[in-house]
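Before any comments, here is the structure.
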Amino acid sequence: MPRTLDDLTWPRRTERLTVARLSPEDADVVWELKSDPALNRWTTRVYATREEFRADWDALVTTHLMARWDGRLAGYLMVKQQDAWSQADVAERARGQQVELGWVVAPWAQGQGIATELVREGLSIAFDMGVHRVEASCFAENTGSWKVMEKVGMRREIHTVKESLHRDGQWHDGLGYAMLAEEHRER
Ligand SMILES: CC(C)(COP(=O)(O)OP(=O)(O)OC[C@H]1O[C@@H](n2cnc3c(N)ncnc32)[C@H](O)[C@@H]1OP(=O)(O)O)[C@@H](O)C(=O)NCCC(=O)NCCS
């Protein structure tokens with residue numbers, strides 16, 4: 001069984017970023033990122049009220065990491081550990097073997113390679129946990145997001161056609177990327 005985020009040592013450092021678990025002092029700035037409709041145009045969820053956000057806080061703490069650049073919150077990374085798909089009789093061995101990554105970079109920090117640096121660290125975190133595979137997905141129109149996945153060396157595996165319903169009321173194409181532990185080791 002792979003390790004979890006709780007088993008790793010925090011914070012972690014990249015060239016410019018300090019990556020740490022979410023703490024109560026982060027609430028205001030995370031709320032700003034998660035309630036901004038423009039920033040969340042392509043993300044799964046935008047929080048409309050502080051109450052909704054508060055109700056989700058405990059779940060966010062288990063999956064979200066904060067990235068600081070010179071002490072300022074530059075973005076967050078979601079590291080969601082999941083069971084990999086398996087046949088029922090080997091389900092125990094697939095438990096916790098996959099991580100889904102997600103990320104948002106604060107507007108002031110965009111355009112400077114921060115997402116690339118953060119997602120690269122997300123891959124290191126997931127594979128340090130010992131998982132078999134890391135996945136991430138986005139709307140096909142979210143060019144910035146899939147470019148980041150390509151820059152960190154993830155493989156485009158899926159292009160779905162009008163499978164994702166957007167809050168704009170339209171069905172959009174989706175892209176799925178992945179990297180395996182052995183591919184990460186080779187890099
Ligand atoms: C998408 C996002 C994460 C990019 O963050 P960033 O720190 O600006 O990205 P980087 O600087 O690491 O850029 C990586 C590559 O993507 C490109 N890129 C970034 N944003 C882009 C955009 N909006 N359109 C086209 N290309 C873009 C960069 O030019 C760079 O490619 P290059 O090196 O070939 O020039 C950021 O704009 C963001 O948080 N957006 C809102 C939230 C979101 O959509 N998250 C992803 C949900 S799946």
Fraction of the pair-distance distribution of the chain above 21 Å, Cα-Cα pairs, percent: 52 percent
task: Taking only protein heavy atoms into account and a 1.4 Å probe, give the accessible area per residue of segment 5-186 in Å².
output: 54 Å²
- request: Under a 10 Å cutoff between Cα atoms, tell me which one of Gly122, Gly111, Gly75 has the largest fluctuation in the Gaussian network model of the chain.
  value: Gly111
statement: Listed by chain and number, the residues whose amide H is under 5 Å from that of Leu17, excluding neighbours fewer than 5 places away on the same chain and using placed H, are none
field: GNM top mover of Gly71, Gly176, Gly113 - the chain, alpha-carbon springs below 10 Å
entry: Gly71
- request: For segment 50-61, just list the computed ³J(HN,Hα) in residue order, Karplus coefficients 6.51, -1.76 and 1.60, θ = phi - 60°, integers in Hz, with x standing in for Gly and Pro.
  value: 5, 5, 4, 5, 4, 5, 9, 3, 4, 5, 4, 4
statement: Under a Gaussian network model of the chain whose springs join Cα atoms within less than 10 Å, the largest fluctuation of Ala88, Ala74, Ala115 belongs to Ala88
- prompt: Stretch Arg3-Arg185 to full length: gain in nm at 0.36 nm per residue minus the Cα-Cα span?
  reply: 63.8 nm
field: Length added when fully stretched, Trp108-Val161, from 0.36 nm per residue minus Cα-Cα
entry: 15.8 nm
statement: For the pair Thr116 and Glu150, the simple spin-label estimate (label points 7 Å beyond Cα toward Cβ) gives in nm 1.3 nm
field: In order through segment 157-163: 3J(HN,Hα) via Karplus (6.51 cos²θ - 1.76 cosθ + 1.60), integer Hz, x for Gly, Pro
entry: 10, 9, 10, 8, 10, 6, 9
query: By how many nm would the segment from Trp171 to Trp57 lengthen if fully extended, with 0.36 nm per residue of separation less the alpha-carbon distance?
result: 38.1 nm
query: Non-local amide H neighbours of Arg41 (under 5 Å, H modeled in plane, Pro and chain starts lacking H): which ones?
result: none
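The values are calculated or read from the model by the stated rules, or taken from the named source; none is laboratory data. What you see is a predicted model; the values in this text were computed from it and never measured. Positions of Cβ are generated from backbone atoms using ideal geometry, with glycine treated the same way; all protein chains shown enter the neighbour counts. Accessible surface is based on the protein model in full, side chains and every heavy atom, while ligands, DNA and RNA are left aside. Shrake-Rupley method; radii C 1.70, N 1.55, O 1.52, S 1.80 Å.
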